[in-house]
Structure formats: C-alpha cells, structure tokens
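First up is the structure itself, then whatever we jot down about it.
Taken together, the values in this text are just the output of simple stated rules run on the coordinates, not laboratory data. Model, not experiment: these values are computed from the prediction. With ideal geometry, Cβ positions are generated from the backbone for all residues, glycine too; neighbour counts draw on all protein chains shown.
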Amino acid sequence: MTDSDRKTAQFGNETVPEEEKAGRVHGVFTSVASRYDLMNDLMSGGVHRLWKDAMMDWLAPRSDQRLLDVAGGTGDIAFRFLKRAPGARATICDMTESMLFEGRKRAEAEKLADQLDWVVGDAMALPFDDASFDVYTISFGIRNVTRPADALAEAFRVLRSGGRLMVLEFSQLPNPGMQWLYDRYSYNVIPAMGQIFASDRDSYQYLVESIRQFPDQETFAGMIREAGFDQVKYRNLTMGVAALHSGWKL
C-alpha cells in the first residue's frame, strides 16, 4: 500500500493514519481520567449535568431494560439510568481501563456496583452478542471513535428489535456569531483550564478541536439513518452547544 492509499482520520485538527487514532485517543483519556469529572464541571459550568438529565428524561428508563453505555468510563450515564430504573442492569464499555477504574470507585461509593458490569472494549468491535441490549447510549464519546459509522453499525447489531440508541455529543450552534464566540471560549479557555487543573493542556486542546471537527446535527442524523435506525430525531441543548440524537431499531 502506498502512502496515498493509506486511510486517515482526524485527531483534532491533525490528520493522522487511521490506525494511529485509537492509540492516541487512548493516551488522552488515560492522561485525564483522574480529573475527568472535575474538568467536565469546570468546562461546562456544571451544565453537562443538565444535559445528561435531559438525556434521561427523553430516554425514560425502565426497570426491565438492559443498558449498554459505550465510552461511559466514569459512569455518569449508567448511574443516572439505574437511579431512574432501580431494577435495570447496565454494562459500561470503554477502551480506557483507567476511566473504568475511576467509574468503579464511584459505583462503590454510590452503592450501584451490583447492577453494573465493566468491560474494556472498542466501540467499533463490541465484545457482545447480537441483540443483547435494550438501550445503547454513548455520551461525548462518538467523536473520538476512529470510524463513527462503524460504531453506529455495532450499536444497531447489539440492540434488540425495538431497542433504542441515544447519543449525547457536542455539536454546532446554528448562529454563526454565537458559534464564533463559543469557539473563542473553547480554544482560549478550555486548554488553559486543562493546564491549571489537570496539568495537561494538550489533551484538552485535542478535545476542543475534536468538537469542532464533529458533523453538525443534520449530518449526524443522516449517519444514524444510514446505520439502519428509524424514527431518528435530535434535540439541541444550550442552543446547540450539545445535541441529543435518538433512533430506534425497528
């Protein structure tokens, strides 16, 4: 294979060989794991908690459901799901062991450990049987996947008929002026916060760049439909800073 034939992927604003992206993303999240939850609060002013609650409101968890939360390392989504559906069970799958380690500590503190399974795995090749789950969630993770279309195909595969996909991800503001202001904040403030509070500017520079590279709401909705999902809809959160996408396997 010649250099011109090699597949590439975006690692933030940098174009890298496709086979390198997963390792570099793994390095980012290994670096930030111990400060991940703190930085989420600092970067969003705590608003990410409201977005995750909105996700649960739309999802309406039930106690007879089995959840797969992909890229869910520290457990925020799974914990919310189980608290709303005490009889449910959740599996958290993440490629970064150190993120799962932080999540396990939180689960023990919140007395949810007995309802949770923790699995190291790749969103593009999930280590689960077909039709194993009722609900698939991925929160602020799909933009870090090397091939998001493959992750969506895997989501479709592991969901049962009648199962639901829900994706919470940073998105694009529809107003250019507001997007410009948001970009100024993101590029100038968030990496500086990463340096101060996590001693890691580069990882947060990547996270900011990855947000800007991610498809807009309509484009991503089209990708979900292409993976086989029906009744695909989305809702903007905080004017489009983030968006919730929903789809059903019918």
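Structural remarks
- Computed from point charges on the beta carbon alone (+1 for Lys and Arg, -1 for Asp and Glu), the dipole magnitude for the chain about its Cα centre is near 720 Debye.
- Its alpha carbons give the stretch 1-116 an Rg and a Dmax of 17.0, 54 Å.
- Pairwise centroid distance, computed over Cα atoms, of the stretch 168-216 with the stretch 5-21, Å: 20
- The candidate values were [x] 26, 22, 19; [y] 37, 21, 18; [z] 31, 20, 18; the one computed from these coordinates for semi-axes √(5λ) of the Cα gyration tensor in Å carries the label [x].
- Positive end of the dipole of the stretch 98-222 (Cβ unit charges, origin at the Cα centre): among 189, 168, 203, the Cα lying farthest that way belongs to 189.
- Per-residue HN-Hα couplings for the stretch 213-228 [Karplus 6.51, -1.76, 1.60; θ = phi - 60°; Hz; x = Gly/Pro]: 7, 6, x, 6, 4, 5, 5, 5, 4, x, 5, 5, 4, 4, 6, x
- Its relative contact order, with pairs defined as Cα atoms under 8 Å and 6+ residues apart, puts the stretch 114-250 at 28 percent.
- Computed about the Cα centre, the dipole magnitude for the stretch 94-162 is approximately 220 debye when only Lys and Arg (+1) and Asp and Glu (-1) carry charge, each at its Cβ.
- Placing +1 on each Lys and Arg Cβ and -1 on each Asp and Glu Cβ, with no other charges, gives the stretch 1-90 a dipole about its Cα centre of roughly 500 debye.
- Mean-position separation - Cα centroids, the stretch 219-250 and the stretch 57-132, in angstrom: 21
- For the chain, built as a Gaussian network whose Cα springs stay under 10 Å, the top-fluctuating residue of 233, 111, 21: 111
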